[in-house]
Amino acid sequence: MVLEETTLLLPEATREDVAAFFEPRAAAIDAGTADIREGLVWLHQRLLREDASPSLPDVGAAIATVAWSDMSSAFSLWSHRAVVEYLTPLPAGSFLAETVAPRLHRVAILGSTALAPAIAYTLEQVPLPVTARRAGRSLVLDGRIAWASNLFPPDFVLVTVVAGPDGTPCVVAIPGDAPGLQVAPEPPLLALKATGSSSVTLDQTPIGEEWVISHDLPGFMRRVRPVLLLLQSCFSWGLAARSLSEARAHLRGSTQIFLPEIDAMEERLARLGREIARALADRGQSLGMRGVVQTRLDIARLAAAAVATEAKVLGGRGFLATSGTARRLREVAFLPIQSPTEAQLLTELSRGA
């Protein structure tokens, strides 16, 4: 079975603990009536402790394992850990490394990654929506970020890319309590309702130079993009694995016609799981950027196919709005539009990523 054929998931005993915590909460998280932050705190206290220095494969396994039970929590964990990754290589003694990173590790604040504008700028030359002008030793930011997650004011730090005073892009972190920062009310989403996903407006928002992560956008993106895409691939993998498990468990009568389809998808899922696990261990070097992009596209498409097969097997039971199948149908609809979108991934591949 697929769970035994990959190292992408946490060990079985730990998987059971994760499922015991997240499975009963999944419906309330989906409805937006439970606090997703409680799950992130639980994970960091037990699995991703600061003193344990979790490796990237450990983080990926945690994301995939949580996604088996609750895609929303896995997505929120991805956003949080992405910001941790952005800050990890900063020099010891720097403000972000000494002051902000420890708070992220304790989940005293959440990480909110908003690199969609950087991806659009890099791939399609779309102008950056946030500009910065200099005022003394500070940068003053103006603009609007259309989508970000983990926006629970004031307890978050947002990482995005802005057009600097001379027009050159720079990567900045923005604290959730910064003056002039306004989070819009959460819109009525199809899924992922508890993830604090909305837009952010910056109106003459000042940040000190110590909040700048990098003035080298190309170098920053070369470093973080493989990690970003591989960790995204982990929650797609966990979602697909759960759907295929549910489909296999519910095969009865005429639906057994789908067994060869499930077998083939499980085999492919296991292969992709091994590929992702190996790539996490070397931060994507073994695959190369083009391989990472292809893997991210392949696993998202496989997740969509897996959830569709689960729905066919479950039939009317899966069509109930309160079912896990229905929740996964809504969640998987997000994957083609998450940045980088399927269109952007295909465009990049067509250019020879």
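Every number in this text was worked out from the coordinates using simple rules, so none of it is lab data. Model, not experiment: these values are computed from the prediction. Cβ: placed from backbone, ideal geometry, glycine included. Neighbour counts: every protein chain shown.
Dipole size in debye (nearest 20) for region 8-79 around its Cα centre, Lys and Arg Cβ +1, Asp and Glu Cβ -1? Could you put the intermediate results ahead of the total?
Working: 5 positive and 11 negative charges, 18 e Å.
Here the size comes out at about 80 debye.
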Relative to the compact globular guide of 2.2 N^0.38 Å, what is the alpha carbon radius of gyration of region 123-278, as a ratio?
-> 1.42
In Å, the Kirkwood hydrodynamic radius of region 1-148 over pairs of distinct alpha carbons?
-> 17.4 Å
What is the ratio of the Cα radius of gyration of region 211-353 to 2.2 N^0.38 Å, where N is its residue count, to two decimals?
-> 1.18
Which semi-axis lengths, in whole Å and largest first, follow from the square roots of five times the eigenvalues of the Cα gyration tensor of region 53-137?
-> 26, 20, 11
DSSP-assigned coil residues among trypsin sites (Lys or Arg not before Pro) in region 175-276, each with at most 11 further Cβ atoms within 10 Å | R252
Write down the Å³ per residue value for the convex hull defined by the alpha carbon atoms of region 164-247.
-> 144 Å³
Nearest 20 debye, what's the magnitude of the dipole of region 284-353 about its Cα centre given +1 on Lys and Arg Cβ and -1 on Asp and Glu Cβ?
-> 140 debye
Counting Lys and Arg as +1 and Asp and Glu as -1, each charge on the Cβ, what is the dipole of the chain about the Cα centre in debye, to the nearest 20?
-> 440 debye
Tell me, what is the Rg over Rh of the chain, with Rh the Kirkwood radius over Cα pairs?
-> 0.97
Within the set of other residues whose C-beta is less than 15 Å from the C-beta of A34, count the net charge using Lys and Arg as +1 and Asp and Glu as -1.
-> -2
Can you check what the net charge comes to around E124, using other residues whose Cβ is under 14 Å from the Cβ of E124 (Lys, Arg +1; Asp, Glu -1)?
-> 0
Compute the signed sum of charges (Lys and Arg +1, Asp and Glu -1) over the other residues within less than 14 Å, Cβ to Cβ, of S286.
-> +2
